[in-house]
Amino acid sequence: MKLLGETHVGGEVATFRTLKYHVKRATRAILLDGQGRICLMHLKREGHHMLPGGGIDEGEDIHSALKREVREEVGCDCEIVGEVGLVLGSENAECEEHIFFVDYCFIARVVGGIGAPKLEEDEAISDTVAEWYDLDTAIRLIQAGEPTGFYVPILRGQRTIARELIFLREFALNFRSNCLY
């Protein structure tokens, strides 16, 4: 998978040799409906939008994790139709352990109907809802995000916004004209 960029927030960029750290792997979808609109998760209390997706569980492969996360957050099944790329990131949360993020992004299509999501506790607390937009509006909404720190730390919200913009800009540059929906 193509490395698209890196996002680092909260201080100096760390190296694996100098810190206690753990790695969080996650997968994201540029999820398209039958009209070519992109799904964004609106975290109302957090003050920003993000692509659907989430953490890869122990023993779970990347594609299975993405399909599970889309089913939970959006309430639909999806078919993965392409790769967008990979973003690496780090977060210095001013604690003993540094976090390194590995985020994969895929293009996916909605399969079947859209039902009720099954949000996790943090998503429900953040008043998260799935919304559908054209690509240009999706990019503008991500850019306009101002993380509040309501439940998720502000730095993590800022890193999320930077990551989503990398993914959406790559999609716009390389996939918009020959989109697979």
Which number in (1) more than 25 Å from Thr7 (Cα to Cα); (2) within 16 Å of the chain's Cα centre (by Cα) marks the one condition that Ala108 misses? (1)
Test: Thr137 is touching a His at 6+ places or on another chain (Cβ under 9 Å) and of a type in the set (Val, Ile, Thr): no
Right, Ile99: buried (at least 16 other Cβ atoms within 10 Å of the Cβ) and modelled with pLDDT under 90 or not? yes
Matching residues in the stretch 18-39 - criterion: being more than 9 Å from the chain's Cα centre (by Cα) and part of a strand (DSSP E or B): Lys20, Tyr21, His22, Val23, Lys24, Arg25, Leu31, Leu32, Ile38, Cys39
Taking the stretch 17-76 and keeping residues hydroxyl-bearing (Ser, Thr, Tyr) and touching a helix residue (DSSP H, G or I) at 6+ places or on another chain (Cβ under 6 Å) leaves Thr27
Could you please let me know if Leu31 is in contact with a Gly (Cβ under 8 Å, 6 or more places away or on another chain), more than 22 Å from Phe150 (Cβ to Cβ) and surrounded by 13 or more Cβ atoms within 10 Å (Cβ to Cβ)? no
Residue identified as in contact with a strand residue (DSSP E or B) (Cβ under 7 Å, 6 or more places away or on another chain), at pLDDT 95 or above, of a type in the set (D, E, K, R) and buried (at least 18 other Cβ atoms within 10 Å of the Cβ) among Glu91, Glu69, Glu79: Glu69
Out of the residues in the stretch 150-168 meeting the condition of being touching a helix residue (DSSP H, G or I) at 6+ places or on another chain (Cβ under 7 Å) and at pLDDT 85 or above, tell me which one is surrounded by the fewest Cβ atoms within 10 Å (Cβ to Cβ). Leu165
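When you scan the stretch 120-144, how many residues do you find that are part of a strand (DSSP E or B) and free of Cβ contacts under 8 Å to residues at least 40 places away in the same chain?
Of the stretch 120-144, the ones part of a strand (DSSP E or B) are 128-133.
Among the residues that remain, those that are also free of Cβ contacts under 8 Å to residues at least 40 places away in the same chain are: none.
Residues in the stretch 120-144 being part of a strand (DSSP E or B) and free of Cβ contacts under 8 Å to residues at least 40 places away in the same chain: 0 in total.
The values are calculated or read from the model by the stated rules, or taken from the named source; none is laboratory data. What you see is a predicted model; the values in this text were computed from it and never measured. All Cβ positions, glycine included, derive from the backbone under ideal geometry; neighbour counts span all protein chains shown.
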